[in-house]
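Notes to accompany the following structure.
The values are calculated or read from the model by the stated rules, or taken from the named source; none is laboratory data. None of the values given here were measured: they were computed from a predicted structure. Glycine gets a Cβ as well: all are built from the backbone with ideal geometry, and neighbour counts include every protein chain shown. What goes into the accessible areas is simple: the full protein's heavy atoms, side chains included, and nothing from ligands, DNA or RNA. Shrake-Rupley method; radii C 1.70, N 1.55, O 1.52, S 1.80 Å.
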Amino acid sequence: MKAKVLRLLKANFGEYISGQRMSQMLQVSRTAIWKAVSVLRAEGYVITSLPRRGYCLLALPDLLTPLEIGEDLTTAILGQQIYHAQQIDSTNSWARQLALANAAEGTLVVAESQNGGRGRLGRQWSSPQGGIWLSLILRPQLPVYQVQLMTLLTAVVVVETTKMVAGLAAGIKWPNDVLVNGKKLAGILTEISADMDCLRFLLVGVGINANVALSSLPVEIQQLATSIVAETKEPISRRAWVQHFLKLYEQEYLKVQRDGFADILQRWRQYALTLGQVVAVQSGERTISGKAVDINEQGALLIKTTDGIKTVWAGDVL
Ligand code: BTN
């Protein structure tokens, strides 16, 4: 009911529509309309009311609620279930609990801010208001060794969504840091639950500094990070970013399970900042130095060293 009332109010944005008309159109009582309006107000929608004239929607909350993302979302699988929190420790941790409790494939978990955001390699991830902090629960038909490729797919979709929604061209530092002008714009944390070689679920966590003021990030990363608004000077519609992301992700996700990852790898190479560079990669205790020449069909980085080509499966490009 809440969604239907909101749709009517949005269709008449800035204009009054009477309670009676809405109740006729939706075939419910005027009390039901009034209740739905009260709930919408509590969620941050600015709705005025006048006797005999009805209700008028004046402003929408800038929130990634199920109501906002779910409206005119055209996916079939991703985001059909949405969990939203004003603040949570980590959307990946919340998604894990939901996945263990059998949440459906494609469930989206999103928060306005995180107070225990997690990054790769056990690092902290600063997640103030204005950013997009989300996790997807996936149950793909893929062997465990292809999980790294899902991370590359995610990076490609983040880059292409950002280009589409903000007109901002980002690049990818292997394996999945999304950078603009050498500064980090977005990060991806992929976690799995698996039995031997059977993948039970995959959690894809994405954090992007969308409308984040750099001054709201910890001082020590202010020089290393950037945000969409800092680059373009224009805040984006976070709702539009999430909707595009889900749409493109679903398309690519279905495609890789059908046709494999060749196309994604090609697009990843197109955005790669690492390839062709002389790099040092920290992988566990080892540092491997040389020219990054390519990635293999499983997403590992190939480095040409004085001892020949080395394959690096995981690590940090320094
Ligand atoms: C990295 O580059 O180190 C990865 C950062 C991933 C951050 C996102 S924000 C949403 C999701 N929840 C988390 O706790 N982490 C990921």
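Per residue, what accessible area does the stretch 205-283 have, given a 1.4 Å probe and all protein chains present, in Å²?
Working: 3640 Å² over 79 residues.
Result: 46 Å² of accessible area for each residue.
Both the radius of gyration and Dmax for the stretch 171-318 are 17.2, 49 Å, in that order, over alpha-carbon atoms. In a Debye calculation with equal point scatterers on the alpha-carbon sites of the stretch 101-150 and no solvent, what is log10 I(q)/I(0) at q = 0.15, 0.26 Å⁻¹? Each listed q corresponds, in turn, to -0.58, -1.04. The sum of -39500 (n - 2.57) across all DSSP H runs of n ≥ 4, divided by the residue count of the chain, sets its helix-only mean residue ellipticity at 222 nm to -10000 deg cm²/dmol. Seen from Q146, the other residues with C-beta closer than 12 Å to its C-beta sum to a net charge of -2, counting Lys and Arg as +1 and Asp and Glu as -1. How high is the relative contact order of the chain, given as a whole-number percent (alpha carbon pairs under 8 Å, six or more residues apart)? The value is 13 percent.
Spatially, the stretch 223-263 and the stretch 127-165 are offset by 8 Å when compared through their Cα centroids. In summary, the lysines within cross-link reach of K184, defined as a Cα separation below 16 angstrom excluding same-chain residues under 8 places away, comprise K163, K173. Rolling a 1.4 Å probe across the protein heavy atoms gives the stretch 1-90 an accessible surface of 56 Å² per residue. Straight-line cross-link reach from K35 at under 24 Å between alpha-carbon atoms covers these lysines, not counting any fewer than eight positions away in the same chain: K2, K4, K10. The alpha carbons of the chain give a radius of gyration and a Dmax of 22.0, 83 Å, in that order.
Its Cα gyration tensor gives the stretch 4-142 an equivalent ellipsoid; the semi-axes, largest first and in whole Å, are 36, 17, 11.
For helix 91-100, report the angle its Cα long axis makes with the longest principal axis of the Cα atoms of the chain; keep it between 0 and 90° and round to the nearest 10°. Orientation of helix 91-100: about 90 degrees from the principal axis. Here's how it looks for A194: its modeled amide H is under 5 Å from those of R200, which are all 5 or more places away or on a different chain. Sorting the segments 187-198, 29-40 by their mean number of nearby beta carbons within 10 angstrom, highest to lowest, gives 29-40, 187-198. Rounded to the nearest 10 degrees, the angle from helix 147-166 to the longest Cα principal axis of the chain is 50 degrees.
Along its first, second and third principal axes, ordered by size, the stretch 29-95 spans 48, 28, 21 Å in Cα coordinates.
Give the carbon-plus-sulfur fraction of the accessible surface of the chain in %, rounded to a whole number; probe 1.4 Å, heavy atoms of protein chains only. Please report the intermediate quantities before stating the final value.
Details: 7660 of 14910 Å².
Of the solvent-accessible surface of the chain, carbon and sulfur hold 51 percent.
Between the helical axis of 238-259 and the longest alpha-carbon principal axis of the chain there is an angle of about 50 degrees. Here's how it looks for D294: its modeled amide H is under 5 Å from those of L302, which are all 5 or more places away or on a different chain.
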